[in-house]
1. Which ones in segment 109-120 are surrounded by 15 or more Cβ atoms within 10 Å (Cβ to Cβ) and either under 21 Å from the mean Cα position of the chain (by Cα) or without any contact (Cβ under 8 Å) to a residue 12 or more places away in the chain (or both)?
2. Residue check: is Ala196 at pLDDT 90 or above and either surrounded by fewer than 10 Cβ atoms within 10 Å (Cβ to Cβ) or not charged (D, E, K, R) (or both)?
3. Just checking, which of Ser35, Ser92 is farther than 30 Å from Cys112 by Cβ and small (Gly, Ala, Ser)?
4. Only helices (runs of 4 or more DSSP H) wholly contained in segment 1-113 count here; list those with 2 or more residues that are of a type outside the set (D, E, K, R) and in contact with a Ser or Thr (Cβ under 6 Å, 6 or more places away or on another chain).
Amino acid sequence: MVFLKRQLPLLICFVIGTVTALQYYVPTNFSAEMSEGLSNWYIIVSMFAALLGFVSVGMVHTKKIQRQEPGWAYSTLVILGFLAMVIVGFVSGGKETTPDGRPSSYGWLYNCTLVPLQATMFAILGFYVASAAFRSFRAKSFDAGVLLATAVIVLLGNVPFTNQVWAGWLGIHDVAGVKIEMTDIVSWLIGTPNAAARRGVTFGVALGAIATSLKIIFGIERAYLGGGD
């Protein structure tokens, strides 16, 4: 029993992880077919995991409705919306348009219900982002001051009124014979220092992902087994 719960999952993880990593360095048809097969298995496992997640969400909200806990009305909307999308999706065959080009019931429900709801959610999150930005941009140090100045330039550079002030009212068109617009400054900030910092962060994330993957493959990280050790 211990073998099925501990040793067997570790063995499968080690074999699959090692084979998946090595197949990138073996340029053969067998390696390509193995990669495609592993990708298909990944999709299959992901679908079962998604199904398990749907069932879990349904059970949680169903219990809230049965117990009439605070917010159970929203749980009812979640269940009804989930069932509506699933039923309409099966009826429409998962297609957003009909053969004659008109929106199907699934496409209408998606584009006229889910998309506006997502837009509303992101609009609400915008206030939290603005609040977090206000707290982050307080110039308490030199680095924070540089961040604040850069953020202000980027924000103002994307406003047409700023471009009018820069070129129309101030008459700034070139510096040392080089034509420079406000949009050019913003593009340079985003494409040069920002890109360099983003690549550094991405490089660090990649190293962390490699280290975590090696720990999982060699059985050092076993939290996915449920024991946390």
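1. Step one: of segment 109-120, the residues surrounded by 15 or more Cβ atoms within 10 Å (Cβ to Cβ) are 109-110.
Listed by number, the list holds a single entry, Tyr110.
2. Values: at pLDDT 90 or above: yes; either surrounded by fewer than 10 Cβ atoms within 10 Å (Cβ to Cβ) or not charged (D, E, K, R) (or both): yes.
Taking the combined requirement at face value, the residue satisfies it.
3. Values: Ser92 fails: farther than 30 Å from Cys112 by Cβ.
The unique qualifying residue is Ser35.
4. Values: elements: 8-22, 29-67, 72-92, 105-109.
Those helices (runs of 4 or more DSSP H) span 29-67, 72-92, 105-109.
Listed here are the residues, each with its yes/no results for (1) among the hydroxyl-bearing types (Ser, Thr, Tyr); (2) under 30 Å from Pro193 (Cα atoms).
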| residue | (1), (2) |
| --- | --- |
| Leu83 | no, no |
| Val88 | no, no |
| Gly93 | no, no |
| Thr97 | yes, no |
| Pro116 | no, no |
| Tyr128 | yes, yes |
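The values are calculated or read from the model by the stated rules, or taken from the named source; none is laboratory data. Computed from a predicted structure; not experimentally measured. Please note: Cβ atoms are built from the backbone with ideal geometry, for glycine as well, and neighbour counts cover all protein chains shown.
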